[in-house]
Amino acid sequence: FILFLKMTEINIHILGAGQPFRGEKSNALREATNSMKVLDWQLNELIPLGADIHFVGGYKFDEIVEKYPSLNYKINPFWETSGPVSSLLYSNMNNNFKNIFCYGDILFKSEAIKKIAKSKSDIVIAIDTKWINRYKDRTIENLKNSEKVKIKNQKIINIGSSISLEEADAEFAGIVSFNQKVSLFINSNLEELNLMFKNVSLVDFLNYLISRDFSIEGIDINKQWAELNNSNDLINFIFGTK
């Protein structure tokens with residue numbers, strides 16, 4: 001039998017440093033439901049897993065710390081001028097653990113994290129193969145701007161919004177896992193990677209890692225996640241979990 005890592009040997013990092021696309025409220029403190037903020041929802045799904053949970057902050061950092069004082073925190077000092085890769089690199093990932101990262105503006109179910117944690121690949125990304133019809137009235141413009149995934153012979157070969165709708169096989173669902181081998185590579189090259197990827201998207205960084213010949217697997221988490229910035233997606237997801 002295959003012995004999987006225990007969840008206690010996994011660190012989960014929520015990348016929540018950036019300013020929201022709209023409004024002034026931090027994504028973590030926006031309402032997911034009438035009774036739960038986004039970070040409430042994420043912690044509600046993550047805490048029962050028993051993993052170590054870390055939050056990488058920046059924008060309105062003090063406000064989040066005040067509301068959630070018991071979380072493990074790291075700060076991205078360049079949050080105003082950098083992107084999610086910078087936050088990932090400032091997360092202080094542990095080489096001895098599997099490190100799972102998720103965007104701070106998505107909702108997900110704990111089952112999605114469990115699926116990802118079980119994989120033996122160097123890199124695991126959450127994908128959604130039913131992305132085109134995930135929620136009602138999804139516009140062509142939204143589909144074109146989404147972070148798409150191209151798969152060939154069951155292998156992920158490219159990730160990014162520049163992939164055409166005709167070529168795309170799935171959408172990147174905002175969660176990625178690195179095993180100890182990848183974490184060690186990143187930590188051993190932090191300075192160089194910080195310079196190279198300060199202002200690029202997470203999917204560009206993943207494409208770079210694919211080019212380094214790490215094994216990569218896509219785990220389909222269809223119906224187990226939603227993006228905060230689309231109300232139709234959010235409503236569909238929340239009512240689908242009841």
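Key figures
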{"item": "DSSP bridge orientation in the chain - percent antiparallel, rounded to nearest 5", "result": "50"}
{"item": "Sequence of Ile151, Ile216, Ile235, Ile12 from largest to smallest accessible area, 1.4 Å probe", "result": "Ile235, Ile151, Ile216, Ile12"}
{"item": "Inter-site label distance for Lys198 and Gln19 at 7 Å from Cα along Cβ, in nm", "result": "1.8"}
{"item": "Dipole magnitude of the chain, debye to nearest 20 (Cβ charges: Lys/Arg +1, Asp/Glu -1, about Cα centre)", "result": "560"}
{"item": "Per residue accessible area in Å² of the stretch 80-160, where ligands, DNA and RNA are left out and the probe is 1.4 Å", "result": "46"}
{"item": "Radius, Kirkwood style, for the stretch 35-88 when every pair of distinct Cα atoms is counted (Å)", "result": "12.2"}
{"item": "If the convex hull is drawn through the Cα atoms of the stretch 110-216, its volume per residue in Å³", "result": "118"}
{"item": "Whole-number Å³ per residue for the convex hull built on Cα positions in the stretch 15-55", "result": "66"}
{"item": "Chain lengthening between Ile132 and Phe239 when straightened (0.36 nm per residue, less Cα-Cα)", "result": "36.6 nm"}
{"item": "Most positive-pole-ward Cα, Leu143, Pro84, Ile127, against dipole of the chain from beta carbon charges", "result": "Ile127"}
{"item": "Accessible area in the full protein assembly, largest first, 1.4 Å probe, for Ser231, Ser86, Ser110", "result": "Ser231, Ser110, Ser86"}
{"item": "Solvent-accessible area of Tyr73 with every protein chain in place, 1.4 Å probe, in Å² to the nearest 10", "result": "40"}
{"item": "Residue (of Ala28, Ile216, Ser183) at the positive-pole extreme of the chain, dipole from beta-carbon charges", "result": "Ile216"}
{"item": "Average projection area in nm² (convex hull over Cα atoms of the stretch 1-152, one quarter of hull surface)", "result": "11.3"}
{"item": "Largest-first ordering by accessible area, 1.4 Å probe, given options Glu217, Glu141, Glu166", "result": "Glu166, Glu141, Glu217"}
{"item": "With every protein chain in place, the chain: carbon and sulfur % of accessible area (1.4 Å)", "result": "49"}
{"item": "Flagged links, alpha-carbon separation over 22 Å, of Lys150/Lys198; Lys6/Lys181; Lys37/Lys60; Lys6/Lys150", "result": "Lys150/Lys198; Lys6/Lys150"}
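The values are calculated or read from the model by the stated rules, or taken from the named source; none is laboratory data. Remember, predicted model here, so these are calculated numbers, not experimental data. Cβ: placed from backbone, ideal geometry, glycine included. Neighbour counts: every protein chain shown. Heavy atoms of the whole protein, side chains included, go into the accessibility calculation; ligands, DNA and RNA do not. Shrake-Rupley method; radii C 1.70, N 1.55, O 1.52, S 1.80 Å.
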